[in-house]
Amino acid sequence: MATDKKKLVKIVAIVVIAFTAVIAYRIYANLAANKERAGRVTQGRTVAVELGKVTRQDIKPVLVFSANLEPVWSADISSKVDGRIDRLLVEEGDVVKAGSLLAVLDTNELAAQVVQAQGSLFSAQASLEQANLDLKRTEALAKQGAVSVQALDTARIKRDLAIGSLRSAEGNLALLQARLDNANIVAPRDGVVVKRYVQAGYYTKAGTAIVAVADTASLLAKAMVGEAQVHELSVGSKVAVQVNAFPGKQFAGTVTRISPAAVQPSRTFTAEITIPNPGGQLKSGMFAKVEAPGRVRPGALAVPEGALVMREDQKTVFVVIADNKVQQRLLKLGYVGGGWAEVLDGVKLGDTIVVAGHNKLKDGSSIAPSPGAGEK
């Protein structure tokens, strides 16, 4: 009984394997037949296309970068001393000049300390004057032998101590006067108040920002440039800047700095483009697109940009070979733009290529120029 069961299992397995093999063979045969049929159809048909030539062109690259606009200069302005803000004299958007008064701290306590220091200074001056008089008298008596050498030394020491006290009083007065002067907070240079952090009456600590001032007469567009493009730029180059807030309008800019070292790990360089902004139209933080001229390639081998065909993320072109057939060739390209593609490898000067109609082609297809379309 067990032997019959095993025989039955073997027979079923053999039948399944044979059935699977038959199905696989039929699928393969159908695919092969379809491929052969498609090949015969293609061989028996010519595709109308437009032709052109591989030529030499002066390639003038235009490098495009994204950037954000920033002020040429900006700073948070703070007080050098602690104190309560008595008056805040500016609002956001106010234009200020260098030395303009921005805020004033409450100076009552500082003013009283200055008066006290002035009194200490007068007292120290009087003490020094008295010490000088005592020293002169002692020196005169010492010449007559009326006082000891020790008394003369004591008079000199008192005079020196009086000088030290006077210097200390002068320094203390100067320090307090500087603090009093620093209670007036001024703009360090021309600019616009772009941010106000506090209100009048707020108690501020030394170094705490009160307002932010920025120079917006010119703005910077900071663009990140790849290592393959950085050699195309040079300081002093004129560029065109487009801002989303002003569609259709271009602003002139100049490349003023290119960072000497790459940012890791992206290996990009920062290029700074200065854009004059005398009317204040442009605002810090706006998004901009920078178009910069690259290094011109005179007489570069080139094909029309429309002739390029993508194949598995690679750019190719159809080249006409013998018997009006085409061969799809992989290209190594340089700059692509402005209607032309710079060719570094893949075709040679004078090759005839397909510039239109290539969507119907594949490698080995037969072609015929379309009526009225000559080689370009």
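The values are calculated or read from the model by the stated rules, or taken from the named source; none is laboratory data. None of these values were measured; they are calculated from a predicted model. Neighbour counts run over all protein chains shown; Cβ positions are idealised from the backbone, glycine included. To get the accessible areas, we keep the full protein, side chains included, count just its heavy atoms, and leave off ligands, DNA and RNA. Shrake-Rupley method; radii C 1.70, N 1.55, O 1.52, S 1.80 Å.
Observations, loosely collected:
- These residues, 310, 224, 286, go from largest to smallest accessible area, 1.4 Å probe, as 310, 224, 286.
- Here the contact order of the chain, divided by its residue count and restricted to Cα pairs under 8 Å and six or more residues apart, works out to 27 percent.
- Computed accessible area, residue 333, all protein chains, 1.4 angstrom probe, square angstrom: 40 Å²
- For residue 127, the solvent-accessible surface with a 1.4 Å probe is about 60 Å², rounded to the nearest 10.
- Averaging the Cα positions of each part gives two centres, and for segment 79-103 and segment 105-160 these lie 42 Å apart.
- Segment 277-376: GluC sites (Glu not before Pro) in DSSP coil with no more than 15 other Cβ atoms inside 10 Å: 312, 375
- Relative contact order (%) - segment 233-376, alpha-carbon pairs under 8 angstrom, separation at least six: 18 percent
- Whole-percent carbon and sulfur share, accessible surface of the chain, 1.4 Å: 55 percent
- Couplings for segment 67-76, taken from phi via the Karplus curve 6.51 cos²θ - 1.76 cosθ + 1.60 with θ = phi - 60°, read 7, 10, 7, 9, x, 5, 9, 8, 7, 7 Hz in order; Gly and Pro are left as x.
- Per residue, the chain exposes 60 Å² of accessible surface when a 1.4 Å probe is rolled over the protein heavy atoms with every protein chain present.
- Which label in (1) 65, 47, 43; (2) 64, 63, 41; (3) 142, 84, 48 gives the computed Cα extents along the principal axes in Å: (3)
- Solvent-accessible surface (1.4 angstrom probe) belonging to residue 107, in square angstrom, nearest 10: 40 Å²
- Backbone amide hydrogens, once placed in the peptide plane, bring residue 63 within less than 5 Å of 292, 294, excluding anything fewer than 5 places away on its chain.
- Neighbour-limited loop hits for trypsin sites (Lys or Arg not before Pro), segment 206-270 (at most 10 other Cβ within 10 Å; DSSP other than H, G, I, E, B): 249
- Centre-to-centre, using Cα atoms only, segment 175-222 and segment 312-371 are separated by 64 Å.
- Amide hydrogen proximity for residue 239: with H placed 1.01 Å from N in the peptide plane, the residues at 5 or more positions away or on another chain lying under 5 Å are 253, 254, 255.
- Alpha-carbon Rg/Rh ratio, for segment 191-346, with Rh computed the Kirkwood way: 1.19
- Rounded tilt (10° steps) of 2-43 against the dominant C-alpha axis of the chain: 90 degrees
- In order along segment 277-289, the Karplus-derived 3J(HN,Hα) couplings, from 6.51 cos²θ - 1.76 cosθ + 1.60 at θ = phi - 60°, round to 9, x, x, x, 5, 7, 10, 4, x, 5, 8, 9, 10 Hz, and Gly and Pro are given as x.
- Between helix 149-182 and the chain: long-axis angle, C-alpha atoms, 0 to 90°, nearest 10: 40 degrees
- Expected 222 nm ellipticity per residue - DSSP helices of 4 or more, -39500 (n - 2.57), all of the chain, to 500: -11000 deg cm²/dmol
- Our summary gives segment 81-151 a relative contact order of 22 percent, counting only alpha carbon pairs under 8 angstrom and 6 or more residues apart.
- For the chain, the longest principal axis of the C-alpha atoms and the axis of helix 108-143 are separated by about 50°.
- Computed across segment 290-376, the Kirkwood hydrodynamic radius from all distinct Cα-Cα pairs reaches 13.9 Å.
- When the trypsin sites (Lys or Arg not before Pro) in segment 124-218 are filtered for DSSP coil states and for at most 14 other beta-carbon atoms within 10 Å of their beta-carbon, the remaining sites are 189, 205.
- Karplus-derived 3J(HN,Hα), 6.51/-1.76/1.60, for each residue of segment 315-329, Hz, glycine and proline x: 8, 10, 8, 8, 9, 6, 10, 5, 6, 6, 9, 10, 10, 7, 10
- Amide H contacts of residue 216: 192, each under 5 Å away and 5 or more positions distant or on a separate chain (H built 1.01 Å from N in the peptide plane; Pro and chain starts excluded).
- Highest-MSF residue in the chain out of 215, 134, 181 [GNM, Cα springs under 10 Å]: 134
- For 313, 345, the ranking by accessible surface with the largest value first comes to 313, 345, using a 1.4 Å probe.
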